[in-house]
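The values are calculated or read from the model by the stated rules, or taken from the named source; none is laboratory data. The shown structure was predicted, so the numbers you read here are calculated from the model rather than taken from an experiment. Don't worry about glycine lacking a Cβ; one is built from the backbone with ideal geometry, like all the others, and counts go over all protein chains shown.
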Amino acid sequence: MGYVSNTSGVGSVDNQGRNTSCEMYYNALKVLGRTGVGCIYIIDLKNEKLEFISENPSLFAGLHSKEVEKIGYRFFRKYARAEDLKILKAVNSAGFKFFECLTSEEKKQHTIAYDFHIKSVSTVDVLVNHKITPIEVSEEGDISKMVCIASYALSKTAGNICISSNISDVYWCYNLDTEKWSGQNKITLKPREIEIIRLYLQGLKIEEIAQQLFVSPTTVKFHRSKLFEKIGVSNITEAISYVISNNLI
């Protein structure tokens, strides 16, 4: 892990051929994996392997990382709900075609996210979210490795295939029925709206939020209602889900 070819386009290579920038990236992923409830793994496209940085068996049908690595790509065909396989096929086809239109550097700055169900033998099927970002791309634009962050989905249904980037104010959503991408402008939250969401995430109630912000509860409710209207939700739970899943804070 951490060794790549000279054409990978990811960081500098020392005399032993080790990509030091990539190795630091892997180490950072390991630290991140220990701090979250999700799971991080590497998709090795060249060798068709999965390599786990961290694990959460509940996100992978109760299997531990070594078991999933042994199954490899077949895991998703075996454990994804049959009706959700079209979502994974769309990610593999339409998603990769989208990335083919990007430069090598742009590929590493775009992330595709989607939700699908993982079947469970002993419990209810789990709706999971996967966010995939290329991390090793050749000068010719060929993707060799991608990092995936798996977590519990915040949405209520499967699908929700979207591509976003930290270099663009537009994100793209894929319609499974029309099989087309549509671009939408990213929503920008006002500072007060961000403050209110963050305080809700800390478990504070309206009165407590008002005290923290030195405003009245009525003012908090006003900003909250404007936020609901802006992002098209009806309650604070949906608002938090939307804000987190769309990286608005």
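Table: residues versus (1) buried (at least 18 other Cβ atoms within 10 Å of the Cβ); (2) in contact with a Gly (Cβ under 6 Å, 6 or more places away or on another chain); (3) not β-branched (V, I, T).
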| residue | (1), (2), (3) |
| --- | --- |
| S58 | no, no, yes |
| G72 | no, no, yes |
| D84 | yes, no, yes |
| G95 | yes, no, yes |
| A113 | yes, no, yes |
| I118 | yes, no, no |
Worksheet item: For the stretch 213-223, does any single residue satisfy the condition of being surrounded by 15 or more Cβ atoms within 10 Å (Cβ to Cβ) and either in the same structural domain as N160 (by TED's automatic domain parsing) or within 27 Å of S168 (Cα to Cα) (or both)?
Response: yes
Practice prompt. Given the conditions (1) assigned to a helix (DSSP H, G or I); (2) surrounded by fewer than 13 Cβ atoms within 10 Å (Cβ to Cβ), report the number of the one that R198 does not fulfil.
Written response: (2)
Worksheet item: Looking at I132, I161, I149, which is the one that is within 26 Å of S58 (Cβ to Cβ) and in contact with a Phe, Trp or Tyr (Cβ under 8 Å, 6 or more places away or on another chain)?
Response: I161
Practice prompt. Assess whether S234 counts as being of a type in the set (S, T, N, Q) and farther than 30 Å from E105 by Cβ.
Written response: yes
Worksheet, complete the sentence: Scanning the stretch 67-114 for residues that are among the aromatic types (F, W, Y) and more than 17 Å from A150 (Cβ to Cβ) gives F96, F98, F99
